[in-house]
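Here's the structure, in structure tokens; my notes come after.
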Amino acid sequence: MAYQRRRQHYYQRFRLMIPVFSAVAAALLVLFALLSFLAPSPVETDRMHRRRQHTSINVEADEAIEKPAFRIPSDGGKLGRDIWTSRNSEHFRGCSNSSNKFQKAQVITHPNRYLLIATSGGLNQQRTGITDAVVAARILNATLVVPKLDQRSFWKDSSNFSEIFDVDWFISSLSKDVKIIKQLPSKGRKPLSAYNMRVPRKCNERCYITRILPVLLKKHAVQLSKFDYRLANRLDTEYQKLRCRVNYHALKFTHPILAMGEKLVHWMRMRSKHYIALHLRFEPDMLAFSGCDYGGGEKEQKELGAIRRRWKTLHRSNPDRARRQGRCPLTPEEVGLMLRALGYGSDVHIYVASGEVYGGERTLAPLKELFPNYHSKETIATKEELQSFSSFSSRMAALDFIVCDESDVFVTNNNGNMAKILAGRRRYFGHKPTIRPNAKKLYRLFLNRSNMTWDVFASSVRNFQRGFMGEPKEVRPGRGGFHENPSTCICEDSTAKVEKISGHRKQGKDNTMKRNASNDEPDVDKESEWPEMDDDDDDQNDLADKDTFNETISDYDAMNFEDPDLEEIISD
């Protein structure tokens, strides 16, 4: 009974609360309608958001003005030195004449010994093969048949030797060193056939005598196929000087190539007294081979990954590790920043030798902003003028070779074949500046450049590049590849030797003078790059001294190639 009374009581109280709930709900509805009427439309809301965002950007910009900014000067700065020449280069000269002990070819050449060479790769890789082929023929006391150029490689060039090089000059200029003929003679009515074989990489004199000579004595004609880097880095002095006579004097381009190359150089000189030649090497295949990451995200990874999958022997690499080790080409922007830090202003004219640049104009834009006077053979010559060359990659490469060789400063973005050949050639002919980025050190600098002022950045670049500028005595004699550092063929005049000896005496008396010598920049960075390991035993002992000199190994030498197509990618 009590339960029923209590239930009825609660029911009556609930009935009394219903009007209150209704009144509150009605009030809320009225308030919501009022707010909806007064609120701005979605369009106006979007406009307000944009105004707030714009105001925020302006505030950030104002704050950025107050902070130390990474401002790049247009004039390159005043360094108090000539940026177009190498220091003390006037004391060094190329010297490759043979001694009286080096017998004439007519005396040492044996009859019925014919050596044929089939080169491989692009123009400059083939050039090393041709140079070494002459030396190999001399070691074997054989007659050399004019080498065959690779016409089936990645570069797909059908040119033969006489269409790239002046074959008659090649034969006559080397006539005292090696007997050279254009083709194998006939044996009776049939042409003499050659026995085809391979020779190990970096084969020395003894290797040729023990491996090739017995076959040559038996077969009379031997063709060595895929002939590139098949001769040891270190040889007897007379053979090294012969290498230089071939590479720097006997290998001369044909008249049409020389004439067009000289025109390109002339047109560059008309634009400016000095110019830089840059071998950019930022092609998709090169970047895929390097395995490096250039910040292009998933799109870049897919594109370069697809190229990498063409070669089964090219394993996946660690991009960060490759970058830290200095094995990645600099981006065009990084090359431009390096040059500006070294003192080259925005008015400098740059000739760029490059194939298809990955990313196209978008990638090149920062470099062109730093150096608006940007040229290539395609921009300074007409299609009609290049027509007889444009279908042949080796002839186009030869034009770039000439313009780069004649430049006041040559900049290479990797240590490939063209870089090595030109570095050696420029050392031989007067030590013209040849800049190779110290990518291992510059990597960390570029990574942190937003946290420093321009002056700090530029000073660090100049410090890291000491030893990478093509100066005399920059690389230890005998170290690195011979084609890159032909030290046997470079003579130092007596004046420089006397100055050096007296300098050592003064330094011995006062080490403080040594530290305060007339250098406008910090001490040379003594951390070596990758030391090149040769087949010679004494190279191992030399590694103990490697911290004093700058040494490099090319991407080519760093790999043990099994895939011929992969081998050709980094040939240039």
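Using the heavy atoms of the protein chains and a 1.4 angstrom probe, tell me the accessible area per residue for segment 184-314 in square angstrom. Mind showing how you got there, number by number?
Values: 6500 Å² over 131 residues.
Value returned for segment 184-314: 50 Å² of accessible area per residue.
Rounded to the nearest 0.05, what FRET efficiency do residue 198 and residue 88 have when you use their Cβ-Cβ distance and R0 = 30 Å? Intermediate results must be reported in sequence, preceding the final value.
Working: r = 44 Å, r/R0 = 1.45.
For residue 198 and residue 88, the calculated efficiency is 0.10.
Using a 1.4 Å probe on the protein chains only, how many percent of the accessible area of segment 70-229 belongs to carbon and sulfur? Display every interim value, and only then the final one.
Details: 4030 of 8290 Å².
Answer for segment 70-229: carbon and sulfur cover 49 percent of the accessible area.
I want to check the label-to-label distance for residue 262 and residue 388. Put each point 7 Å from Cα in the C-beta direction and report it in nm to one decimal.
1.4
Assuming 0.692 mPa s and 37 °C, estimate D for segment 257-408 with Stokes-Einstein, Rh taken as the Kirkwood radius over Cα pairs, in µm²/s.
Values: Rh = 16.9 Å.
D = 195 µm²/s.
Label points 7 Å out from Cα along the Cβ direction at residue 160 and residue 317: separation in nm?
Going from the residue 160 label point to the residue 317 one covers 3.8 nm.
At a 1.4 Å probe radius, carbon and sulfur cover how many percent of the accessible area of segment 267-363? Could you put the intermediate results ahead of the total?
On the way: 2080 of 4440 Å².
Exposed carbon and sulfur together represent 47 percent of the surface.
Can you figure out the FRET efficiency of residue 74 with residue 100, using R₀ = 45 Å and their beta-carbon distance, to the nearest 0.05?
After rounding, the FRET efficiency stands at 0.20.
Between residue 473 and residue 189, what's the calculated FRET efficiency when r is the beta-carbon distance and R0 is 56 Å? Round to 0.05. Don't skip to the answer; put the middle values down first.
On the way: r = 59 Å, r/R0 = 1.05.
Plugging the Cβ-Cβ distance into 1/(1 + (r/R0)^6) gives 0.40.
The values are calculated or read from the model by the stated rules, or taken from the named source; none is laboratory data. Bear in mind the structure is a predicted one, so any value in this text is a computation, not a measurement. All Cβ positions, glycine included, derive from the backbone under ideal geometry; neighbour counts span all protein chains shown. Accessible surface is based on the protein model in full, side chains and every heavy atom, while ligands, DNA and RNA are left aside. Shrake-Rupley method; radii C 1.70, N 1.55, O 1.52, S 1.80 Å.
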